Amino acid sequence: MPLPKDTTLEFSLTARKSAGLEKSILQFLAAARPGAQGGIVTTEFKTRSRWSCYTRRPAQTRKLVKLFAQNPIRGVTAAVRRLDAGDWRDRWLHYFRPMRFGRDFMILPDWQKKIPSAAKRCRILRLDPAGAFGSGAHETTRLMMRMLDLFKGRARSFLDVGTGSGILAVAAALQGAREVWGVDLDPVSVRAARRNLRLNGIRHGKILCADISRLPVRKKFNLVAANFISADLIAHQEKIAALTAFGGYLAVSGISRRNAPDFLKRFHPAGLRLKKRFPGRSWAGFLYFKG
Ligand SMILES: C[S@@+](CC[C@H](N)C(=O)[O-])C[C@H]1O[C@@H](n2cnc3c(N)ncnc32)[C@H](O)[C@@H]1O
């Protein structure tokens, strides 16, 4: 029976980290799905790792299950999961591929070891979204990166509100921000962001698991980025404004273009004024200055 349009199947192999089975698992998946290594996604848990591949063809999943039953790996568990429309965060991992990001970066999935020739002149940003928002493909993130590019090497301190995978925090740190903070209320995102900082060799980043409304405002940042839905940006505008240093900038994204006029009427963070608009295809970003 064909799968509904929004459904994907995940075949995964899970093992304890300490078991050292990564190589055997990747070899199995590469042999079972020739040419599909790019689509193998690693998810790290506290003590275990999971390697997943995705397909919309039930016959292919059945073949993988059968092959694994014939060639089991001791200490490895196989599972099949049906991902429906609501599991969008898992599903888009399947489509994650190397891509340009902003002026300088090429995003490479964590699991891709070979640097593509197209990346030779780029800075590599290693990413494993691991279930968090922020693969670099979404227009709202890309608009944010266009704004960050304006401050390359000039923002001393950077705050990423709703950091998701931590992609913007990583980019800001690689661009030279000396102090980098990220905050997210979702523990999965917090884990992913911390890991992505580590993957890129960033040791001075600080990722907090908190609701932005609870962050103390003693600290101020030269550049604050907030990629939220409009309603949340409006709800948290005073807090976000208070975290922006005098003479600093606030970049907001996540506003649908249709909603932009209404957003601009309702978003008046104290002490900030609109400097520049970044209209995208379906979304818009806005840059504010505090001074
Ligand atoms: C659209 S994602 C942005 C991810 C990433 N910064 C990017 O630009 O791709 C928004 C993130 O904000 C987080 N979030 C939503 N409401 C929040 C709140 N009140 N405080 C902190 N984080 C929040 C969500 O968990 C999600 O990870």
Quick one: M145 ticks every box in (1) within 9 Å of the ligand (Cβ to nearest atom); (2) among the hydrophobic types (A, V, I, L, M, F, W, C); (3) not assigned by TED's automatic domain parsing to the domain that holds F286 except a single one, so which number is it?
(3)
Give the number of residues within the stretch 155-170 that are farther than 19 Å from V217 by Cα and more than 10 Å from the ligand (Cβ to nearest atom).
1
Against the condition closer than 20 Å to L250 by Cβ and without any contact (Cβ under 8 Å) to a residue 24 or more places away in the chain, how does G153 come out, does it pass?
yes
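Return the only residue of N196, N222 being within 16 Å of the ligand (Cβ to nearest atom) and of a type outside the set (A, V, I, L, M, F, W, C). If you could, list the steps in order and put the result at the bottom.
Values: N222 fails: within 16 Å of the ligand (Cβ to nearest atom).
Going through N196, N222 in turn, the sole match is N196.
Just name the residue that is surrounded by the most Cβ atoms within 10 Å (Cβ to Cβ) out of those in the stretch 109-142 that are charged (D, E, K, R) and within 12 Å of the ligand (Cβ to nearest atom). Full working, then the answer.
Here is the first cut: in the stretch 109-142, the ones charged (D, E, K, R) are 110, 113-114, 120-121, 123, 126, 128, 139, 142.
Then keep just the ones that are within 12 Å of the ligand (Cβ to nearest atom); that gives 139, 142.
Numbers: E139: 16, R142: 19.
By that ranking, first place goes to R142.
Only one of these is more than 14 Å from the chain's Cα centre (by Cα), farther than 22 Å from L208 by Cα and assigned to a helix (DSSP H, G or I): R142, R154, R146. Name it.
Details: R142 fails: more than 14 Å from the chain's Cα centre (by Cα); R154 fails: assigned to a helix (DSSP H, G or I).
Within the list R142, R154, R146, the selection yields R146.
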Considering (1) closer than 20 Å to M106 by Cα; (2) in contact (Cβ under 8 Å) with a residue 12 or more places away in the chain; (3) more than 14 Å from the ligand (Cβ to nearest atom), say which one K206 fails and leave the rest.
(1)
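Among the residues of the stretch 233-255, what is the count of those that are within 11 Å of the ligand (Cβ to nearest atom) and under 18 Å from L143 (Cα atoms)? First the steps, then the outcome.
As a first pass, look at the stretch 233-255 and keep what is within 11 Å of the ligand (Cβ to nearest atom): 233, 235-236, 239-240, 251-254.
The next check asks that each one be under 18 Å from L143 (Cα atoms); those that pass are 233, 251-254.
Adding up the residues that qualify gives 5.
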Taking the stretch 52-99 only, how many residues are assigned to a helix (DSSP H, G or I), at pLDDT below 95 and of a type in the set (F, W, Y)?
2
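The values are calculated or read from the model by the stated rules, or taken from the named source; none is laboratory data. For clarity, every value in this text was computed on a predicted model and none was experimentally measured. Please note: Cβ atoms are built from the backbone with ideal geometry, for glycine as well, and neighbour counts cover all protein chains shown.
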